[in-house]
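Everything below concerns the one structure shown next.
The values are calculated or read from the model by the stated rules, or taken from the named source; none is laboratory data. Note that the coordinates shown come from a computational prediction; the quantities given were computed from them, not determined experimentally. Here the Cβ positions follow ideal geometry from the backbone for every residue, glycine too, while neighbour counts run over all protein chains shown. SASA here: full protein model, heavy atoms, side chains in, ligands and nucleic acids out. Shrake-Rupley method; radii C 1.70, N 1.55, O 1.52, S 1.80 Å.
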Amino acid sequence: KVTASLDGFQTQAADDVRVGIDAVTTVDFSMPEAFSEEITVIAERPVIDTASPSFGTAYDADTIKDLPTRGNFYDTLAVAPGVAADRESIFLLSPFGSDVQSNLWNIDGLDSTSPEAGDVRWSMNDELIAELQMVGTGAGAEYGNMLGSAFNVVTKTGTNEFHGSAVLDYWVPDWVSTNAIDEDAPEGAQTYRLDHNNNLVFTLGGPIVKDKLWFFAAAEWGRVLQYWPYEEEFPGQKETSWDNYDLKLTAQFGNNHRLNMRVGYHDYVGPYVGDVYSEPTTWGEDKENTKMFSLDYSAVLGDKTFLEARVGGWRTDHTWGPQYPSDEWLYTDTTVDPWEYSGGLWWAWDWDPQTDDAEIVLTQHADDFLAGNHEFRFGVQYKKGSANTKLFNTSYYYLA
């Protein structure tokens with residue numbers, strides 16, 4: 001809510017004034033004299049911010065809900081103009097022709113970019129997101145740690161009223177097309193087959209202490225089992241699963257100080273569905289576990305001075321190992337066509353990316369300075385990222 005007052009005129013207020021990420025919202029007031037009738041002002045956020053030199057796209061929560069990419073964090077960003085992805089549901093995005101490793105990812109203002117891949121190592125459900133933005137050409141100086149584009153994500157915050165959501169994404173297997181038949185595949189494995197695809201999301205936000213302390217929590221559970229041509233419907237086949245839990249606490253100290261704390265725990269298991277030429281003991285399994293934490297402090301130090309301080313990071317344990325452990329070597333029978341594989345998993349790996357980030361930014365507004373109004377920003381940032389990789393290669397032999 002924005003209020004304007006002037007001696008001899010009625011005080012005017014604009015309700016529901018929303019400011020987008022890295023954007024300027026203009027509110028125009030008409031000031032009637034004190035004896036005139038009241039005028040109601042409603043400010044709407046423009047699609048194009050004429051005060052910013054950058055080129056990009058922003059989505060609020062309502063827009064995200066209406067997009068046909070429901071439930072997929074990366075596909076929502078991929079529909080922005082200028083953004084390309086080599087396939088659906090992929091986290092590697094190329095805005096305006098940039099390299100996929102050159103992007104910057106900010107989660108609630110904190111740089112959370114993976115040190116090797118140029119992405120974030122987790123996905124977030126739509127119900128957790130308040131706003132998304134992609135900033136391309138003309139991004140400000142604070143986006144200096146990149147050569148591509150910046151993706152900004154703002155998560156939802158609790159309010160004085162309890163609010164939440166429940167979303168179930170359920171695929172009816174009989175309604176999903178099997179697509180074209182691959183005549184070269186063995187009988188029974190010539191088409192796409194869906195066993196199940198379900199995703200359930202719950203969110204809840206509200207006050208712990210009204211006007212002082214709020215929470216917003218989200219939980220997501222997903223389960224998928226599907227078979228493509230040449231893949232075997234093995235009894236007891238493991239399903240792909242993800243369990244994501246996020247919590248955000250917001251504390252208000254007086255009128256000028258606010259503290260946000262966010263924690264997250266995301267767990268993913270992606271078993272390989274082996275083809276008909278491979279024994280289950282040769283099948284691998286992708287496991288990814290991510291823990292994240294951040295603190296965000298903001299303070300209004302005066303009518304023209306604003307302070308922001310953030311600290312946080314995340315840790316991921318990402319492994320590829322056997323679904324069904326075996327002490328045998330990988331055995332490849334090349335006397336048949338196609339070749340057949342048995343024994344154990346040929347190779348495995350353990351990848352542990354992580355980041356730590358801290359920054360302080362001071363913003364000073366200067367009116368009537370150097371022939372105009374200006375905003376000066378001073379900041380320092382600490383960034384550390386690493387990614388340790390271990391490879392395990394087992395022995396194998398051929399029968400020729």
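Looking at region 179-198, which of the residues that are exposed (fewer than 13 other Cβ atoms within 10 Å of the Cβ) and not acidic (Asp, Glu) is nearest to the chain's Cα centre (by Cα)? It would help to see each step written out before you state the result.
Of the residues in region 179-198, the ones exposed (fewer than 13 other Cβ atoms within 10 Å of the Cβ) are 179-181, 183-184, 187-188.
Subset that is not acidic (Asp, Glu): 179-181, 188.
Values: Asn179: 31, Ala180: 34, Ile181: 36, Gly188: 38 Å.
Result: Asn179.
Within region 378-387, does at least one residue satisfy the condition of being surrounded by fewer than 13 Cβ atoms within 10 Å (Cβ to Cβ), within 30 Å of Asn106 (Cα to Cα) and of a type in the set (A, V, I, L, M, F, W, C)? Taking every residue of region 378-387 in turn, at least one turns out to be surrounded by fewer than 13 Cβ atoms within 10 Å (Cβ to Cβ), within 30 Å of Asn106 (Cα to Cα) and of a type in the set (A, V, I, L, M, F, W, C).
Does Ser326 meet the test of being open to solvent by less than 70 Å² (accessible area, probe 1.4 Å) and at pLDDT 95 or above? No. Note on region 258-276: residues that are touching a strand residue (DSSP E or B) at 6+ places or on another chain (Cβ under 7 Å), of a type in the set (A, V, I, L, M) and under 30 Å from Trp228 (Cβ atoms) amount to 2. Inclusion of Trp351 among residues that are hydrophobic (A, V, I, L, M, F, W, C), modelled with pLDDT under 90 and at negative phi is not warranted.
For region 149-159, indicate whether the set of residues that are β-branched (Val, Ile, Thr), open to solvent by 10 Å² or more (accessible area, probe 1.4 Å) and assigned to a strand (DSSP E or B) is non-empty. Scanning region 149-159 turns up at least one residue that is β-branched (Val, Ile, Thr), open to solvent by 10 Å² or more (accessible area, probe 1.4 Å) and assigned to a strand (DSSP E or B).
Quick grid of which residues meet (1) over 21 Å from Ser241 (Cβ atoms); (2) surrounded by 18 or more Cβ atoms within 10 Å (Cβ to Cβ); (3) of a type in the set (A, V, I, L, M); (4) touching a helix residue (DSSP H, G or I) at 6+ places or on another chain (Cβ under 8 Å):
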| position | (1), (2), (3), (4) |
| --- | --- |
| Arg262 | yes, yes, no, no |
| Tyr272 | no, yes, no, no |
| Arg310 | yes, yes, no, no |
| Arg315 | no, no, no, no |
| Gly321 | no, no, no, no |
| Leu330 | yes, yes, yes, yes |
| Asp333 | yes, no, no, no |
| Leu345 | no, yes, yes, yes |
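You will find that of Lys248, Lys287, Lys238, the residue that is open to solvent by less than 50 Å² (accessible area, probe 1.4 Å) and either more than 29 Å from Trp351 (Cα to Cα) or among the charged types (D, E, K, R) (or both) is Lys248 and no other. When Ser89 is tested against the conditions (1) open to solvent by less than 80 Å² (accessible area, probe 1.4 Å); (2) among the hydroxyl-bearing types (Ser, Thr, Tyr); (3) modelled with pLDDT of 75 or more, the lone failure is (3). Checking the structure you have, find out if any residue of region 173-191 is assigned to a strand (DSSP E or B) and either within 28 Å of Val300 (Cα to Cα) or at pLDDT below 95 (or both). No: region 173-191 contains no residue that is assigned to a strand (DSSP E or B) and either within 28 Å of Val300 (Cα to Cα) or at pLDDT below 95 (or both).
Contact map, region 172-185: residues that are within 24 Å of Asp337 (Cβ to Cβ) paired with residues that are modelled with pLDDT of 90 or more, Cβ distance under 7 Å, separation 6+ or inter-chain. Pairs shown: Ile181/Gln190; Ile181/Thr191; Asp182/Gln190; Asp182/Pro229; Glu183/Gln190; Ala185/Pro229; Ala185/Tyr230.
Looking across region 4-23, the residues that are at pLDDT 80 or above and within 35 Å of the chain's Cα centre (by Cα) come down to Ala14, Asp15, Asp16, Val17, Arg18, Val19.
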